[in-house]
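All remarks here apply to the structure that follows.
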Amino acid sequence: MTFISRLREAAGVLFTEDEYRMIEAAGTNVDIDEEGWRRLSGDPNRDLSPLSQYRMRETAAYMLRSNSLANRLIELPVAFMLAEGVTLNVDDEQGQKWLDAFWNDPITKMDINLPKFARELAVFGEQCWPVFTNEFNGHTRLGYLDPGLIANVIWDPDNIMQPIGVVTTKDKKGHARRYRVIVNGPEAMFSKRTQEIRNSFEDGGCFYFEVNALVSDQRGKSDLLPVMDSLDAYDQALFGELERWQFIRNFIWDVTLKGATPEEVEERARNIATPAPGSARIHNDAEEWKTVSPEIQAGDSDILTRLFRNHILGAQTMPEHWYGGGGDVNRATASEMGEPTFKVFTMRQRTLKHMLEEVGYYVMCKRLDPTGEMPDPSEFEPDFKPVANFPELTSRDTTKYAAAFQQIVAGAVQAVDRGFMSEESAIGLIASVAGQLGYEIDPKAELEQARADRRKRQEDDLFGEDEDQDEEQ
């Protein structure tokens with residue numbers, strides 16, 4: 001009698017075995033607002049599955065800690081972009097005090113946490129920052145939601161590139177949080193059904209940012225995703241080389257007994273002892289000793305490992321000499337090889353700049369009206385719009401720009417004197433070179449100021465001459 005039959009007999013229930021099959025429990029999260037609409041664009045099969053997204057996050061975090069090359073691919077951009085610090089500034093004096101209070105909040109601590117945010121944005125491909133706003137004075141501080149706790153990101157059904165909500169995984173009590181993604185503008189920007197969906201997210205607001213994603217992707221992707229397999233293979237190759245070196249260092253003593261019988265060889269094998277380092281070994285011409293080492297031919301290992309390493313570095317737009325490989329690089333070629341890398345870093349820096357300015361704008365709006373709706377950005381006062389200032393990615397070689405600046409100024413003055421160029425165009429040409437030296441000039445405003453200064457000098461000279469004549473009389 002089978003187990004099912006005995007169970008059926010004991011329970012007194014007449015079920016067939018097929019009707020009493022044991023089925024493993026399974027389920028999935030279903031958003032109550034997903035039914036009834038579909039994406040206007042994009043193929044959902046193009047994005048990573050939830051399982052693949054999980055594996056990507058865990059693998060990227062593991063490689064950051066255990067793979068030295070992967071660690072450098074993440075840490076170097078963060079150091080270049082944030083090592084000297086970042087400031088969030090606004091022209092209004094009171095507004096600057098509000099931003100400073102947010103930046104230096106004992107929980108937000110942006111000076112300390114911003115490098116962590118930038119690092120994890122690269123590792124996980126996304127960041128979610130819940131916000132907590134004091135409803136009396138409007139002071140805002142940031143929280144942090146681990147990407148591993150994000151079950152789903154809900155996107156605007158009428159606009160696939162706009163996230164509108166974040167749903168977390170369920171806690172031990174079976175509860176999931178639903179955060180509304182903050183958009184710096186009035187709710188009227190969304191369609192009626194999108195507003196209805198957003199109203200269902202009642203657990204507060206959050207900022208959600210992603211990188212390395214197509215417009216139709218639901219989640220961000222790690223910077224390490226394209227090279228994860230290569231990083232793992234490179235690590236295995238290096239450990240294989242270590243094992244090969246250990247084998248090469250090993251050796252055995254080969255002892256030849258000339259003219260010995262098998263019995264004599266066995267007797268000698270039982271009594272023989274390997275000589276200690278620095279000891280003497282005495283024998284006659286009937287016994288010969290020599291060392292035997294393994295001959296593992298691997299002369300191309302250096303070339304192959306370098307090729308593999310450069311494949312990974314090239315995929316991440318990093319030159320070889322940034323990871324201890326000089327190769328055939330000299331100072332001139334090193335300077336040119338760094339240009340593509342800095343372009344990539346500048347793109348990520350612009351993303352971080354946008355993130356900080358979005359948060360800063362929200363901070364200012366809540367200070368002005370803690371409980372009100374976000375205003376239309378076009379109606380916001382320019383003096384209250386925050387600007388995130390980042391350090392230069394690399395030290396500029398100002399010698400060539402300084403020489404060019406002198407030549408440009410002389411040429412622009414000559415062109416204006418001969419009527420070949422307007423003064424405003426000349427200032428614009430000078431401003432373009434000054435920008436390379438790290439000094440930004442508004443040509444129109446600069447020209448007006450220069451003309452005002454020139455008129456003032458002329459007036460001072462004129463009044464000065466009149467005063468001199470009065471004194472002489």
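May I ask you to evaluate 6.51 cos²θ - 1.76 cosθ + 1.60, the Karplus curve with θ = phi - 60°, for each residue of region 404-414 and list the ³J(HN,Hα) values in order in whole Hz, giving x for glycine and proline?
Going residue by residue, I get 5, 4, 5, 5, 5, 4, 4, x, 5, 5, 5 Hz, with x marking Gly and Pro.
Which ordering of Phe207, Phe132 is given by a fewest-first count of other beta-carbon atoms within 10 Å? Could you put the intermediate results ahead of the total?
Working: Phe207 22, Phe132 14.
In increasing order of surrounding Cβ atoms, one gets Phe132, Phe207.
Could you give the nm distance between label points at Glu93 and Leu149, where each point is 7 Å from its Cα heading toward the beta carbon?
Roughly 4.1 nm, to one decimal.
Under 5 Å between amide H atoms, partner at least 5 residues away or on a different chain: which partners does Ile154 have, H built in plane at 1.01 Å?
HN-HN under 5 Å from Ile154: Ile164, Gly165, Val166, Val167.
R0 = 60 Å: FRET efficiency of Phe420 with Lys170, Cβ-based, nearest 0.05?
On the way: r = 73 Å, r/R0 = 1.21.
Once rounded, the FRET efficiency stands at 0.25.
Can you give the FRET efficiency to the nearest 0.05 for Ser230 and Asn271, using r as the Cβ-Cβ distance and R₀ = 45 Å?
Working: r = 54 Å, r/R0 = 1.21.
That gives a FRET efficiency of 0.25.
How far is it, in nm, from the label point at Ile112 to the one at Lys290 when both lie 7 Å from their Cα along the line to the Cβ?
So the label points at Ile112 and Lys290 sit 6.7 nm apart.
Determine the sum of side-chain charges near Ala388: Lys and Arg each +1, Asp and Glu each -1, restricted to other residues whose C-beta is under 12 angstrom from that of Ala388.
Numbers: positive: Arg350, Lys353, Lys385; negative: Glu357, Glu358.
So the surrounding residues net to +1.
Listed here are the pairs Lys109/Lys366; Lys116/Lys353; Lys192/Lys385; which of them are more than 23 Å apart at the Cα? Write out the running numbers ahead of the final one.
Working: Lys109/Lys366 19 Å; Lys116/Lys353 15 Å; Lys192/Lys385 29 Å.
Too far apart for the 23 Å limit: Lys192/Lys385.
In whole Hz, with x marking every Gly and Pro, tabulate ³J(HN,Hα) for region 150-163 from phi via Karplus 6.51 cos²θ - 1.76 cosθ + 1.60, θ = phi - 60°.
Along region 150-163, the couplings run 8, 7, 7, 10, 9, 10, 4, x, 9, 8, 5, 8, 10, x Hz.
Can you give the local net charge around Ala412? Use residues other than it whose beta-carbon is closer than 13 angstrom to its beta-carbon, Lys and Arg +1, Asp and Glu -1.
Numbers: positive: Arg418; negative: Asp417, Glu423, Glu424, Glu446.
My count for the surroundings of Ala412 gives -3.
Highest mean first, how do 410-423, 104-117, 361-374 rank when packing is the count of other Cβ atoms within 10 Å averaged over residues? Walk me through the numbers before you get to the answer.
Details: 410-423: 12.9, 104-117: 14.6, 361-374: 17.6.
Top of the packing list down: 361-374, 104-117, 410-423.
Please list 3J(HN,Hα) in residue order for region 59-72, calculated via the Karplus relation 6.51 cos²θ - 1.76 cosθ + 1.60 where θ = phi - 60°; whole Hz, with x for glycine and proline.
Taking θ as phi minus 60°, the curve returns 5, 5, 5, 5, 5, 4, 8, 10, 10, 5, 5, 4, 4, 5 Hz for region 59-72.
Which residues' amide hydrogens lie under 5 Å from the amide hydrogen of Gly143, considering only partners 5 or more residues apart or on another chain, with H built in the peptide plane?
Val131, Phe132
Could you order peptides 232-243, 91-102 by the average number of other Cβ atoms within 10 Å of their residues, highest first?
Details: 232-243: 13.2, 91-102: 16.0.
Peptide ranking by packing, descending: 91-102, 232-243.
Which FRET efficiency, nearest 0.05, do Met161 and Trp253 yield, Cβ-Cβ r, R0 56 Å?
Numbers: r = 72 Å, r/R0 = 1.29.
E between Met161 and Trp253, to the nearest 0.05, is 0.20.
Provide the net charge surrounding Arg57, with neighbours chosen by a C-beta distance below 11 Å and charges set as Lys +1, Arg +1, Asp -1, Glu -1.
Details: positive: Arg55, Arg219, Lys221; negative: Glu58, Glu120, Glu126, Asp146.
Once positives and negatives cancel, what remains is -1.
Sort 190-203, 155-168 by the packing proxy (mean of other Cβ within 10 Å over each peptide's residues), most packed first. Don't skip to the answer; put the middle values down first.
Details: 190-203: 14.9, 155-168: 19.0.
Listed from highest to lowest mean packing, they are 155-168, 190-203.
The numbers here are math on the coordinates, done by the rules we state, and not lab data. This is a predicted model, so every value here is computed, not measured. Neighbour counts are summed over all protein chains in view; Cβ atoms, including those assigned to glycine, are modelled from backbone coordinates with ideal geometry.
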